[in-house]
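None of the figures in this text is laboratory data; all of them are computed from the coordinates on show. These figures come from a predicted structure and were not determined experimentally. Neighbour counts run over all protein chains shown; Cβ positions are idealised from the backbone, glycine included.
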Amino acid sequence: MSQEQIELNSEAEDESKTAADDEVESEKMPLIQHLVELRNRLLWSIGALVIGFVLCYLVAEEIYTFLVQPLADLMEGQPGRRLIYTGLHEAFFTYLKVAFFGSVCLTFPIVAGQLWAFVAPGLYKHERRAFLPFLMATPVLFLMGASLVYYLIFPLAWKFFISFEQAGGAGTLAIVMEPKVNEYLSLVMKLIFAFGLSFQLPVVLMLMARAGMVSSKGLAAKRKYAVVVTFAAAALLTPPDVISQIGLGIPILLLYEISILGTKIVEKKRAEREAAED
């Protein structure tokens, strides 16, 4: 190969590297502009939450009815059943909590979109294409977790708790469940968030695999530890009943196995990309 050809090849390599770097370099901003951009994204997110809160407060009674429905279905046909509140302000703050809960669920796509708009300019095109499916999967997985606890776990768990009621008799007093509205809704929202966030496990592990922080072999080797940690977390996040703990633990273990398969796919694609670059 002549000296001229070597120089031409070297120049071509330099140009390709420069073109690849320009993709990010052209979008780099000084620190102050990054802070301004972050402030704007936060303001948009907070504004969306505030607007969502106002809208949800207008329909707080409907949201409350939806959250109470699993318990109301079990008590249908039983006169005198009710939820109570013992503080003058309790019902009012309960509706505020319900409105905030609805606002978070309603505006999550907007907040996630603002986060993506802030992070995306600092990524390469192939990184943006790889990250976008994970971002789109996040609300879907959250909805799956919330649906599981609402339609399956709540009816079973509430039926279990109601079973401890007993009728009064000679020398004994009746045990009747009259849950406080604030405590009931706090438990419901806590469980919905617990299941929804737990269902993000595949997204977290696969992103860590893309960053090289975990591997499929490592996850498979730590499977027995994952079982212990899963049920320990389920015991902390759910009420002290076997139904809720198993109902959260088993799906997480299934998602862990799915994450191992997804991690293998990520590793395969990364190896193919590195081979193509070489």
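Between the amide H of Ile84 and those of Lys180, Val181, distances stay under 5 Å, these residues lying 5 or more places away or on another chain, with hydrogens modeled in the peptide plane.
Each of (1) 21.8; (2) 12.8; (3) 16.5 is a candidate for mean projected area of the Cα convex hull in nm²; the one calculated from this structure is (1).
Can you tell me how much longer the chain between Phe134 and Gln69 gets when fully stretched, taken as 0.36 nm per residue apart minus their C-alpha distance, in nm with one decimal?
Numbers: separation 65, 0.36 × 65 = 23.40 nm, distance 3.22 nm.
Once the chain is fully extended between Phe134 and Gln69, it gains 20.2 nm.
The label-point distance for Leu115 and Lys222, in a model that sets each label 7 Å from Cα toward Cβ, rounds to 2.1 nm.
A simple count of charges around Arg81, restricted to other residues whose Cβ falls under 12 Å of its Cβ and scoring Lys, Arg +1 and Asp, Glu -1, yields -3. Estimated purely from DSSP H runs of n ≥ 4, each contributing -39500 (n - 2.57), the mean residue ellipticity at 222 nm for the chain is -26500 deg cm²/dmol once divided by its residues.
Could the peptides 33-40, 68-75, 250-257 be put in order, highest first, of the mean number of other beta-carbon atoms found within 10 Å of their residues? Intermediate values should be presented prior to the final figure.
Details: 33-40: 12.0, 68-75: 15.6, 250-257: 17.4.
Output ranking for 33-40, 68-75, 250-257: 250-257, 68-75, 33-40.
List the residue ranges in the chain for DSSP H helices whose C-alpha atoms run 30 angstrom or more along the long axis and whose Kyte-Doolittle average is 0.0 or above.
Working: long enough: 3-25 (33 Å, -1.47); 31-58 (41 Å, 1.32); 90-119 (40 Å, 1.38); 125-148 (35 Å, 0.67); 242-277 (51 Å, 0.45).
Long hydrophobic helices here: 31-58, 90-119, 125-148, 242-277.
Name the residue farthest towards the positive end of the dipole of the stretch 70-164 from the options Thr86, Trp158, Ala130, assuming +1 on Cβ of Lys and Arg, -1 on Cβ of Asp and Glu, about the Cα centre. Projecting each Cα onto the dipole axis, the largest value belongs to Ala130.
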